[in-house]
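Everything below concerns the one structure shown next.
Computed from the coordinates by the stated procedures, all read-outs in this text should not be read as laboratory data. The shown structure was predicted, so the numbers you read here are calculated from the model rather than taken from an experiment. Every residue, glycine among them, receives a Cβ derived from its backbone with ideal geometry; neighbour counts consider all protein chains shown.
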Amino acid sequence: MTLDSVPRMQPFITIKQASAAYPVYVGRDLLDQVGRHLSPAGRVFVITSEGLRRRFGDRVAASFDPPADIVVIGEGEAQKTLATADAIVTALLDRGGRRDSMAVVVGGGMIGDTAGFAASIFLRGIDLVHVPTTLLAQVDSSLGGKVAVNHPRGKNLVGSFHPPRAVFADTSVLATLPKNEIRSGLFEALKGGVIGDGSLFELFEDRRNEILALQSEVLDQLVRRAIRVKAEIVSVDEREADLRRLLNYGHTIAHGIEAAMQYRGITHGEAVAWGMIAANAVAVRRGILNEELRRRIDSTIAAYEPSPLPRLDPAAVLSAAEHDKKNTGSARIMVLPRAIGKCEVVEVSDEDVKFGIEAVLR
């Protein structure tokens, strides 16, 4: 049986946002099928890193007829910059990219955000397809249409909204990830359980050993449930006006931690884990969350073993958090849990934020 004779799979879900609707495919061994599910009008460019090109990018490029061109960028959070986005734009121009071209981004959150941002500004925006290769990207960053690069003053401060044409989450690639990358994605998925799906949270509570062993059935179930949580939120609120801010649970202080650590020594998901613990402490302080539920959430996060934090200056974390893009005007905004599966957006004081930071640093 040839690949062309294999029936096209149906999307797991179609995300319908105000500006676009796009399918999300979830399954195993999807890399060789990406091109079969798309009908590009012009040239296709696969944007990835050198290491990911050898492992995944060549296969995705070969799924197109004719095969896609490959644009290679550097890896690591330090590469998530305007300079890298400019280099992608230059490469597309050098290789004959036009308005009808398509960018197929193969990689994790850093590559997806950076290359996605470049696609959004190239000739005022070209078609974008995400092929996320990390758990974090599959359950979070590839969905919703937000693309961005970092600025010296904070994370994701330069960006835009550019919904993809499609997302292909191949769960078979997750077995190749190092443990810290798996944990990074697990914390973002666990976040989804706290903000909108109690049964997803219970999956984390009850099946820890199977999840950490990457048992395929439970891992695929986890990915699908986490995707559904995010899909339901971004379909209602595309541009983070209201409901979408719930996705920022744990992120206010997490971004401060990442910036204070100069984006080294900790993954984004691990920073979010500590940020969730900090938010839980603030929620108890504010009388929004009871102590029993705080302990339950915190202990589940701890069971997946985020990397310990080094000695950090609380003032440095607070200063970095001040540039968090979710703050509005002079008000500080945090997402705080009221129950498992229910969070709310709350205006908080500097003292609240300091309390949360100190709760995870002491």
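Shown for GLU305, GLU347: other C-beta atoms within 10 Å of each C-beta, ranked fewest to most, produce the order GLU347, GLU305.
Please figure out what share of the DSSP beta bridges in the chain is antiparallel and state it in percent, rounded to the nearest 5. About 45 percent, rounded to the nearest 5. Computed from the Cβ-Cβ distance with R0 of 56 Å, the FRET efficiency linking GLU351 to ARG95 stands at 0.55. Taking Cα atoms only, the orientation of helix 216-236 departs from the longest principal axis of the chain by about 80 degrees. Annotation: extensible slack from LEU214 through ASP29 equals 65.0 nm (criterion: 0.36 nm per residue apart, minus Cα-Cα distance).
Taking every C-alpha pair closer than 8 Å and separated by at least 6 residues, the mean separation divided by the residue count of region 12-105 gives a relative contact order of 32 percent. Of all aspartates and glutamates in the structure, those lying under 13 Å Cα to Cα from LYS80, and not within fewer than 8 positions of it along the same chain, are ASP113. Neighbour counting of Cβ atoms within 10 Å sorts the residues THR14, THR81, THR48, THR133, fewest neighbours leading, into THR14, THR81, THR48, THR133. Over the chain, the hull volume per residue, using the convex hull of the C-alpha atoms, is 123 Å³. Converting the Cα gyration tensor eigenvalues of region 107-216 into ellipsoid dimensions via √(5λ) gives semi-axes, longest first, of 28, 15, 13 Å.
Translational diffusion of region 102-146 was estimated from the Stokes-Einstein equation, with Rh taken as the Kirkwood radius over Cα pairs; at 10 °C and 1.306 mPa s the coefficient is 157 µm²/s. Mean residue ellipticity at 222 nm, helices only, the chain: -12500 deg cm²/dmol; runs of at least 4 DSSP H residues each add -39,500 (n - 2.57), and the sum is divided by the number of residues.
For the chain, take the longest principal axis of its alpha carbons; what is the angle in degrees between that and the long axis of helix 179-196, to the nearest 10 within 0 to 90? With rounding to tens, the tilt is 70 degrees.
Loop-resident trypsin sites (Lys or Arg not before Pro) (DSSP state other than H, G, I, E or B) in region 253-315 with no more than 15 further Cβ atoms inside 10 Å of their Cβ: ARG264, ARG286, ARG311.
Across all directions, the shadow cast by the convex hull of region 179-361 built on its C-alpha atoms averages 9.6 square nanometres. Pair-distance distribution of region 3-176: all C-alpha pairs, bin width 5 Å, starting at 0; shares per bin in whole percent are 2, 9, 19, 24, 23, 14, 7, 2, 0, 0, 0.
Between LEU312 and SER19, what length in nm is gained on full extension when 0.36 nm per residue of separation is reduced by their alpha carbon distance? Fully extending the segment from LEU312 to SER19 adds 101.3 nm. Using a cutoff of 8 angstrom between alpha carbon atoms and counting only pairs six or more residues apart, the relative contact order for the chain works out to 15 percent. Modelled label positions at GLU344 and ALA302, each set 7 Å beyond Cα in the direction of Cβ, lie 2.8 nm from each other. Note on ARG36 and ARG295: the model spin-label points, each 7 Å out from Cα along the C-beta direction, lie 5.3 nm apart. The orientation-averaged projection of the convex hull spanning the C-alpha atoms of region 207-261 amounts to 5.4 square nanometres.
Pairs of C-alpha atoms in region 39-123 farther apart than 19 Å represent 30 percent of all such pairs. Counting only alpha carbon atoms, the long axis of helix 109-121 and the longest principal axis of the chain meet at about 60°. Exposure proxy for LYS191, LYS354, LYS230: other Cβ atoms within 10 Å of each Cβ, ordered fewest to most, give LYS354, LYS230, LYS191.
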